[in-house]
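Every number in this text was worked out from the coordinates using simple rules, so none of it is lab data. All of these numbers come straight from a predicted model, not from anything done at the bench. A quick note on method: Cβ atoms are made from the backbone with ideal geometry, for glycine too, and the neighbour counts reach across all protein chains shown.
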Amino acid sequence: MAELVLAGVALIVIGALLPLRRPLLAAGLVVQATGIAAVGVGGAGIAIGGETAGAAFSPAISPAFGADRLTGTMLALIAGVALPAALACIAYLRHVARPGAVASLFGCFVLALAGVVTARDASALLACWELMTLLPAVASLVADASPPVRRAMFEYLAITHIGGAGVWAAILVLAERGAIGGPPLGPGGATAGFAAAAAIVGFGTKAGLGPLHAWLPRAHPVAPGPLSAVMSGAMVAVALYGLVRVLFQWMLAPAWAGPALMTVGAVTAVTGIVYAAMQPELKLLLAHSTIENMGVAAAALGASLWLHGEGAGSPAALAFGAAMLHLLTHAAAKGGLFIAAGAVQGAAGTLDLGRLGGLSGRMPLTAGVVGVAGVSLAALPPTAGFVSEWAVLQGAFGAARIDDPVAGVVAGGTVLLLAVAAGLAALTVAKMLGLVLLGPPRTAAAAAAVEAPGPMRAAGALALAALAGLVLAAGWILPGLASMVPGGIGDDGPDLLDVPATGGLAPAWTLAVLAAAAFLLTRVRGRSAARAPIWLCGQPELARAPYTGAGFTKSFRIAVDGLLRSERDVEVERRGGLVHRVTSTGRVPDLVDRFMYDPARRLALAAAAHARRLQSGSLRAYIAWLGAMVVVCLALLRAGWLS
Amino acid sequence: MLTRLARVRRAVGLERRPPASCAIRLVDAGSCNGCEHELVATGGPHHDLQRYGFAITASPRHADVLLVSGPVTTRMLPALLRAYAAMPEPRLVAALGDCPLGGGVDAHPDEVAGPLERVLPVDIRIPGCPPTPGQIAEGLRVGLAALPPERRPW
Amino acid sequence: MTGTAAVLGALSVLALAAGPGLAGLVQTAKARLQGRRGADPLQPYRDLRRLWRRSVVDPEGTGAAYRTAPAVIAAVTAAAVLMVPLGADAPRWPFLGADALLVVGLLATARMAGAVSAWDTSAAFGMMGAARDLAYAVSGEALLLGTLLVAALPAGTTDLRGLWAAAAQAETWRTPAHWAGLLAVALVVLVETGRQPIDNPDTHLELTMIHEGPLLEYAGRDLAMLTWVAGARHWIVMGLAAGVFLPHPSGAAAGAVVTVAWLPVLAAATALAESSQAKMRLGRAPRLLASGAVLTLLGAVAWAFGAGL
Amino acid sequence: MAGIERVGADAWRDRVARGNVAGLHAAIGPDGTPEVRAVLAGETPRLLAVAAPGGVVPTLVDLLPAGWDEREAADLYGLRFEGHDPHRALVHHPDDRDLWATPVVGSDVHTVPVGPVHAGVIESGHFLFHVVGERVLHVDARLFHKHRGLERHAEGRSPEDAGRVLSRVCAGCAVTNAVAYAAATEDALGRVPGEGTRRVRTLLIELERMWNHLNDVSQICAGVGLAPGTMLFATLKERVQRVCALLTGHRFMFDAVTLASAPGDPGDAAREAMRAELAAVAADAATAARGLLFDTSLRDRTSGPGRIDADAVRELGVVGPAARAAGVAADSRTDAPRLWYPGFAAVVPPTPAGDVAARLEARWVELEQAAGIVGELLSAPLRPDAPADTGTGTGHGVGIAESPRGRTVCTVEIRGGTVRRVHLRTGSYANWPAVAVAGTRAILPDFPLVNKSFELCYACVDR
């Protein structure tokens, strides 16, 4: 299996070089896709087979790569998103400025992701980590160097690097203590606390955990479609993978880490989905939803860590498996949705939710992807999204049983917050499905939309297959994933997720039975269905007035207006005793931006005015500064100041 | 309030009616509001149309009977026809009051398209200006019962 | 499968037919409280038979989402009905399991199918109802999950049969968590059956509709399915309330009888609750549900403190 | 006899601005040119007219709440009001929304069109809500779906026949409209009814107020889904209507008030039974009202939405209980020489906040007041005047009566024993624009409640 992965990597390298010659663009991407498929199959083989390949983890600072079951799982996840994305690239890159360079960078980005999960020492890990951060920014700027993209990428790099310092700090401390590959760092002392906190901040930033999530909704939407699919589906998951290695494997996490991670995750989930629901643009909506899902996965990891610390092995393993399954299901759904977003943009020329509509009849396959992935994202049974959400909630229920007063507040609160997030996810997905797929088309462009070109359709079909596969295989996958932490739970076979202290789930059978029942009910619906205009209280068809996105979420906003502080202004123009015209403006401000980033930005700008001499404005200079910072950190470490 | 209503119910002492089921949608096609007042009163404790299994529904899609009041003004005619078109088969039309039957107080000929018979097939006729709640309840019950069984909603 | 399990399983299947009767019971009780005689509790069945014989209508411009929604909603609701706990020995359906969280999920799926069908027709009242339904579900799901959490803590499982068994134990009744759940489940019943002060199933004011709004377009058998669903939801939430939170003996036969016997009581209580207050203003109802959820959180905290045990 | 004064176009705006205008309407003047007439209310109501040669007259909308009057006159008589721009159709129903609705713009704005066929048993009328989801930005009311041309139908007939046509304008205000028409006709013919007729007419108009107010409270309860309240007040309304039927032979008292006749005395025993029954209804209503007053769930819904304060009342020309609920103690019964209201004083509710709750309270206090008047009038025999012939008179007349919804003004022009023009401007007509404004400040699900707190007639407006 490891050989397959290596072969795949080689193919991706070749595939990344080919597009530099323009005629070979499509061929290069096909080679890349083949390589990605090989990596994915190899990774899945490793995950299932349980073999370890390549180097083992080592505290030495010398680049080494290898794979274990967790790595294999992550490789499969990366490939699951990157494979359809690579195919989608073939169609998508026709629209960008320098397709060859972007296609090449796409391959490099996938390699960087694979590098992070296969890295077996600190140097390889950090190098791949930095590449993983930089490459999408470079690719985005190559594809489109307009000011908004430049600004978004600047903010992306600024925030991920400020937060990313935590990754360096945590990894270097652990490496220095020999914990990577050696005995895990003990839970006591300031070092462990520092490492855990630095890891949560560092990896959490990259995973989109609040409050350092602000880069994500800026960067993901401006990246080229297939690239944003990989960023939103895989890159954030890789970040949480890093957190798993640190907190679960290389150290015995301090007692506060579990509850803290759970709280951060639950709060992030709600914040992310609240703003997802308010977004007027499809990719912005999807990006905010990614924040939500990473919050959910982080909450499950927190529960697992906590239960682990309390010695509750079996529930801890379930929560861990839940987090990993959630990453997988989210990757499949989000990857598919970003690819579909690319198809929609190609067909309708916009992603403004107010200018789409009625695409279900015109783009059936894309509509299928949006529909199935959306329902999975809303965590509705019997999709894989529900299975993972169910397992996450079971993890939180398990944590609530911990004999500790804090558990009631944190775990109980997490259950409620996750429920709120699930409710909002349904609202968001319903809004997305309605505005994109259903109702009358809102513009002429939407009315004239046609299905995406061949490669894009193939990508969509692959995404659908991944989602379907996850439903059918959830019964195998979840116990398998859970068993990747010590003290795994029993595997009762493929049909019933027969987890102790639950009533069990049978996703595949549930799907089959519900689908059969629904099909039978549509058959008995009555043979002659009369056509009639929609009933509009006696008004003619022209009175049919589709809802707007803001209108759909208004009922919710009214209930929480005190918290959201939405801004609204209605101007009534009166002349000669008559109302001439009414103008309404309104928006929901991002409160994290307003109360955290705006003051911080003002402060930073003021500081920058003093430090203008250091400011060159080029990306290279920032990287140089960053390198210098790392050197300083290393020096401090050596001097023993950081330990 | 609840105890007072219980007293009203005992005082009125309505009988249970033979079970039936019928959904009715009203379209006011230009009435003076008298028929509407009396139709609302039919649902109150003194007459209680629901004990017959009759319900006034919110949408013509749910309705078996289209109940029309008023002389059918030209401005209401399109809406009335749309309501009829919105109903699933089989559908019935009932005229409520003298106006749709053509016997009500006359309106200006330019402004009315009625009587109802001129625009829709009328199955049930409930005369009166306006018919009292009792007359409406009886008119509907007897009118529906008089239909051939295959046309009866239940 | 044991004999008891077979009997309880058969009862669950019978429950598929019983939901509309429960809704009819609420309507009859409401009519009585309003000083009317009203229709008898069997009226929903007569209505269903009438609707079943009428033609369906496919509004122009709608597609598969509109046409399949009633079937999807009916199918998932039927699955949820089968899961209502009637005893500790009830069968675990091999295709469903017996997990409480799945019931929450199935209800959410039905809600989503309704919202999607509303978007498909894009008629204002359906949209309004769907938007409100989903907005209320945000705190409604927190309430429902919080309620299940405080039931699951003493029971030690989310298996509905285990929850049923726990409610039969005296120790469970000594935990504040259970009492918090008991209070919260009353709200769950009102919100999930779409009743006042949250929603008004008898309203004829289209601008105030929640659950009724998306139904306005449906006719014939589509409407019959959705009408059955409205009744079946009564069975689901009242059955959950009775099985998980109300006292009953632990024996299989007596337990099932008492659980089912609670349902008319709950129906009457629902009618009384509905008749004694006005519908809440939009925007306030979610806050009521949220405070119910916070109540369950207090129950969970009390559990964590080990209070009462 | 109400005179008519014709002024030139230059003096028109100035004269009208100084008067107390109770509505405008168009008519055809004696020389065949169209003209616009304004009713000037006061001790003796008068008519002011301006000729519209070429169909053009200066607008008044910047001076007084006459928007609907001008729109109606423009639609029905083809007039153009200079300065009233844009003219939006009111009676006519063009398909193009731009011709009748207000433009409301903004990225998230959409519309919710409701009616003319409503989900409930409600009269036909269309409302176009400009909203963002639940938040109402603007409401366009499009009534006149039930326009039957009754005024035009009455014209050219004898006063009696015209009265019969007008008696079917609206069931809810049948007596008020008949009284206002009779007063206008009698004014035009220079007659004053005797005390007996005045007492009977007052009795009937207050009976009508009683059942209407009971109905309105019932409807407000329905608006918030408080079914027991709905049902209880519906039974009380039913009891009053049964008394009406006993007294006049008709549950809505159709044709009870005509130029020629009024119902006679039912006999002491029957009259006493009616008086006792109405007193019992009033007592029951007071008890039930107290129950509602202390119902916090109801209070929570009614307090706040649909606020029309005293300033808005004056600006919009609101009349009736809606005005009094805002603390404006205006009531045409305080000065009603053609009816019988000795010592009458307008009452305002205890908390005249102008919201739904205040309008609900206004119904209660007025109900009590009406019950008192009815009780007093029923304690003496009813002795209407002997019928009189309307003859072949000529003249203009104005009749004013206070309907359950506010001041109803009827103007009649009779020439040679034939009605040439009759115009009915009811309390509902005056108040509809205020409903749209009150709805603008509400959220969508509160609009039905706001609407029911006014409980205006459509039939009265559409005619």
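When averaged across all projection directions, what area in nm² does the alpha-carbon convex hull of the stretch D:4-82 cover?
4.7 nm²
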Query raised in the report: With charges only on Cβ, +1 for K and R and -1 for D and E, what is the dipole size of chain D about its Cα centre, in debye, rounded to 20?
Result: 440 debye
Query raised in the report: Where does each of D:E402, D:E160, C:E60, D:E455 land when they are ranked from fewest to most other beta-carbon atoms within 10 angstrom?
Result: C:E60, D:E160, D:E455, D:E402
Query raised in the report: What is the calculated FRET efficiency for D:A279 to D:E315, with r their C-beta to C-beta distance and R₀ = 51 Å, to the nearest 0.05?
Result: 0.80
Query raised in the report: Given R₀ = 30 Å, FRET efficiency for A:A515-A:L563 by Cβ-Cβ distance, to 0.05?
Result: 0.15
Query raised in the report: Placing +1 at every Lys and Arg Cβ and -1 at every Asp and Glu Cβ, with all other atoms neutral, what dipole size does chain B have around its Cα centre, in debye to the nearest 20?
Result: 800 debye
Report task. Describe numerically, in nm with one decimal, the distance between label points set 7 Å from Cα along Cα→Cβ at D:A345 and at D:T44. Result -> 3.0 nm
Report summary line: Each residue of A:1-8 has, on average, a number of other protein chain C-beta atoms within 10 Å of its C-beta equal to 0
Requested in this report: With unit charges on the beta carbon (Lys/Arg positive, Asp/Glu negative), name the residue among A:G503, C:S117, C:G181 whose Cα is farthest towards the positive pole of the charge dipole of the protein assembly as shown.
Outcome: A:G503
Query raised in the report: If you keep only loop residues by DSSP, which trypsin sites (Lys or Arg not before Pro) in the stretch D:231-303 have at most 15 other Cβ atoms within 10 Å of their Cβ?
Result: none
**Report entry** Cross-link partners of A:K206 among lysines (Cα-Cα below 21 Å; sequence separation of 8 or more within a chain)
**Finding:** A:K283, A:K334
Query - Cα-based convex hull volume of the stretch B:21-151 per residue, rounded to whole Å³ - result: 91 Å³
Query - Rg/Rh ratio calculated on Cα atoms of the stretch A:152-282 (Kirkwood radius) - result: 1.01
Report task. Could you rank the peptides D:10-20, D:138-148 by their average count of other C-beta atoms within 10 Å per residue, with the highest value first? Result -> D:138-148, D:10-20
Report task. Please go through the stretch C:156-196 and write out the trypsin sites (Lys or Arg not before Pro) that DSSP classes as loop and that have at most 16 other C-beta atoms within 10 Å. Result -> C:R174
Report summary line: Expressed as a whole number, the average count of other chain Cβ atoms within 10 Å around the Cβ atoms of C:296-303 is 5
Requested in this report: Please report, largest first and rounded to whole Å, the three semi-axes of the ellipsoid equivalent to chain D, where each semi-axis is the square root of five times an eigenvalue of the C-alpha gyration tensor.
Outcome: 32, 31, 18
Query raised in the report: When the helices in chain A are scored as -39500 (n - 2.57) per DSSP H run of 4 or longer and the sum is shared across all residues, what 222 nm value do you end up with, to the nearest 500 deg cm²/dmol?
Result: -22500 deg cm²/dmol
Requested in this report: Express in % the proportion of alpha carbon pairs of the stretch B:36-97 at distances exceeding 18 Å.
Outcome: 42 percent
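Rank by packing, highest mean first: peptides A:258-265, D:70-77, with packing defined as the count of other Cβ atoms within 10 Å averaged across residues.
Order by mean packing, descending: A:258-265, D:70-77.
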Report summary line: Expressed as a whole number, the average count of other chain Cβ atoms within 10 Å around the Cβ atoms of A:52-60 is 0
Query raised in the report: Where the centre of each part is set by its Cα atoms, how far does the stretch A:147-190 sit from the stretch A:226-242, in angstrom?
Result: 16 Å
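With the cut-off at 1.5 for a/c, could you classify chain A from its C-alpha gyration tensor as rounded, prolate or oblate?
In terms of gyration-tensor shape, rounded.
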Requested in this report: Note down the Stokes-Einstein diffusion coefficient of the protein assembly as shown in µm²/s, whole number, using a Kirkwood radius over alpha carbon pairs, 4 °C, and 1.567 mPa s.
Outcome: 37 µm²/s
Requested in this report: Measure out, as a whole number of angstrom, how far apart the alpha-carbon centroids of the stretch C:273-303 and the stretch A:504-574 sit.
Outcome: 25 Å
Report task. Just name one of C:S12, C:L134, C:G35: the one whose Cα is farthest towards the positive end of the charge dipole of the stretch C:3-304 (beta-carbon charges, Lys/Arg +1, Asp/Glu -1). Result -> C:G35
Query raised in the report: Classify chain C: rounded, prolate or oblate, from the alpha-carbon gyration tensor (a ≥ b ≥ c, eigenvalue square roots; a/c under 1.5 rounded; otherwise prolate if a/b is larger than b/c)?
Result: prolate
Query raised in the report: Can you work out the FRET efficiency for the pair A:R94 and A:A465, with r the C-beta to C-beta distance and R0 = 22 Å, to the nearest 0.05?
Result: 0.35
**Report entry** Extended-chain gain in nm, criterion 0.36 nm per residue less alpha-carbon gap, A:D352 and A:A609
**Finding:** 88.8 nm
Report summary line: The longest stretch of chain A containing none of the trypsin sites (Lys or Arg not before Pro) that sit in a DSSP loop with at most 12 other Cβ atoms within 10 Å is A:22-526
Query raised in the report: Tell me, how many Å apart are the Cα centres for the stretch C:36-52 and for the stretch B:103-150?
Result: 26 Å
Report summary line: The answer for trypsin sites (Lys or Arg not before Pro) in the stretch C:212-283 that fall in a DSSP coil and have at most 10 neighbouring Cβ atoms within 10 Å is none
Requested in this report: Would you work out the relative contact order for chain A, in percent, from Cα pairs under 8 angstrom that are 6 or more residues apart?
Outcome: 12 percent
Requested in this report: Under 16 Å Cα to Cα from C:K30, which lysines show up? Leave out anything in the same chain fewer than 8 places away.
Outcome: C:K279
Report summary line: Farthest towards the positive end of the dipole of chain D, among D:T440, D:T33, D:V57 and with Cβ unit charges of +1 on Lys and Arg and -1 on Asp and Glu, lies the Cα of D:T33
Report task. Nearest 5 is fine: what % of DSSP beta bridges in the protein assembly as shown come out antiparallel, could you say? Result -> 65 percent
Query raised in the report: Let a ≥ b ≥ c be the square roots of the eigenvalues of the Cα gyration tensor of the stretch D:227-356; is it rounded (a/c under 1.5), or, if not, prolate (a/b larger than b/c) or oblate?
Result: oblate
